[in-house]
C-alpha cells in the first residue's frame, strides 16, 4: 500500500557506491540477461531438431558481429552469475559474511569471471572464431 | 473510517506471505547447486557445437549422455530462471495488473521454452 511521499531508508540516490552493492546489482542484471539468453538455447535446439537449413540460420547469426557480441556478453554473464552464485551459496551456508571476506570473495568473483570468459573465447578463437 | 479501527496485525493477516516462501528459497538453492556442474558442461557443449556442422552437432546430441545432461540443464535452468524473475518482478513492479501479467508471462515463457527444449532433445536423442 503506497504511503505518503516520505523518504525511504537507504536507497540508491543517497547511498555511497561500493563493490558489494555493485556485485549484487550485477548479479540480478546478469540473471535477467541470461533469461534472455535462453532464447538462443531454445532456438538452437529447435533448429537442430528441425533440419540443416534452420540450423544454418542459427550459425549465421552466431558468426555475425552482433551475434558474436551477444555470445560474448552472455558468456561473461554466465561466468559472473555462476561465480557470484557460488558466493551466495557460501553465504547461505553461513560463511563469508564479515566485511574483509565479502570484499575478498567479491573481487575474486570479478577476476575469476573475467578469466573464465577469456578462457572460453581463447578456445573459440583458437579454433577459428565463431564461424 | 472503519478500516482505521483495525489493528495492524488484523490488517496484515491473510495478506502477507503465502506461507511457501521457504520452499521457494530452498528450490532456488537446489537448482543453483545443480546448475554449477551443468552450466560448466553447457559451456563445453556450446564450444563443441560452435565448430560442428549440422551432422556433427546432431551426432553430439544423439549421445544419450548429452541428452540427459542437456535435459537436466534445461529443467534446472528454467526452474531457476522462473524463481529468480519472480523475485525481481515482486521487488520492482508495483502496479498490480502489470505485476500479475509479468508473473504469468514469465511462468508461461519458462514452461513453454523448457517444453520446447525437452521435445527437441528427445527428438534428437531418439532419431
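All of the numbers you see were taken from the coordinates with simple rules; none came from a lab. Quantities reported herein were computed from a predicted structural model and do not represent experimental measurements. Cβ coordinates were reconstructed from backbone atoms using ideal geometry, including for glycine residues, and neighbour counts include every protein chain displayed.
Using the alpha-carbon atoms, what tilt in degrees (0 to 90, nearest 10) does helix A:19-50 show relative to the longest principal axis of chain A? Its long axis makes an angle of about 20 degrees.
Pair-distance distribution of the protein assembly as shown: all C-alpha pairs, bin width 10 Å, starting at 0; shares per bin in whole percent are 6, 25, 31, 22, 11, 4, 1, 0.
Counting only other chain Cβ atoms within 10 Å of each residue's Cβ, the peptide B:86-92 averages 1. The distance separating the Cα centre of region B:101-127 from that of region B:21-95 comes to 12 Å. Computed from the C-beta positions of residue B:93 and residue B:36 and an R0 of 25 Å, the FRET efficiency is 0.25 to the nearest 0.05.
Seen against the Cα atoms of chain A and their longest principal axis, helix A:52-63 is set at about 50 degrees.
Mind giving me the FRET efficiency for residue B:123 and residue A:14? R0 is 45 Å, r the Cβ-Cβ distance, nearest 0.05 is fine. Present the calculation step by step, with values, prior to reporting the outcome.
Numbers: r = 55 Å, r/R0 = 1.22.
That pair, residue B:123 with residue A:14, gives E of 0.25.
Between residue A:63 and residue A:107, the modelled label-to-label distance comes to 4.3 nm, taking each label 7 Å out from Cα in the direction of the beta carbon.
The mean number of partner chain beta-carbon atoms within 10 angstrom of a residue's beta-carbon across peptide A:82-94 is 2.
Between residue B:75 and residue A:86, the modelled label-to-label distance comes to 2.5 nm, taking each label 7 Å out from Cα in the direction of the beta carbon. Using alpha carbons only, how many degrees (0 to 90, rounded to 10) separate the axis of helix B:64-92 from the longest principal axis of chain B? Approximately 20 degrees, to the nearest ten.
For the residues of A:34-46, the average number of beta carbons from a partner chain within 10 Å of their own beta carbon is 6.
Would chain A count as rounded, prolate or oblate if I go by the C-alpha gyration tensor, calling it rounded below 1.5 in a/c and otherwise prolate when a/b exceeds b/c, oblate otherwise?
Working: a/c = 2.71, a/b = 1.76, b/c = 1.54.
Prolate is the answer for chain A, as a/c is 1.5 or above and a/b outweighs b/c.
With a cut-off of 8 Å between alpha carbons and a minimum separation of six or more residues, what is the relative contact order of region B:25-126 in percent?
Details: 61 pairs, mean separation 39.0, N = 102.
Dividing the mean separation by the residue count of region B:25-126 yields 38 percent.
To the nearest whole percent, what portion of all C-alpha pairs in region B:25-126 is separated by more than 19 angstrom? Walk me through the numbers on the way to the answer.
Values: 2678 of 5151 pairs.
Here the long-distance tail beyond 19 Å is 52 percent of all Cα pairs in region B:25-126.
To the nearest 0.05, how large is the calculated FRET efficiency for residue A:125 and residue B:115 if R₀ is 41 Å and r is the Cβ-Cβ distance? So, using R0 = 41 Å, E works out to roughly 0.70.
Stretching residue B:26 away from residue B:104 to a fully extended chain increases their span by 25.9 nm, per 0.36 nm per residue minus the current alpha-carbon distance.
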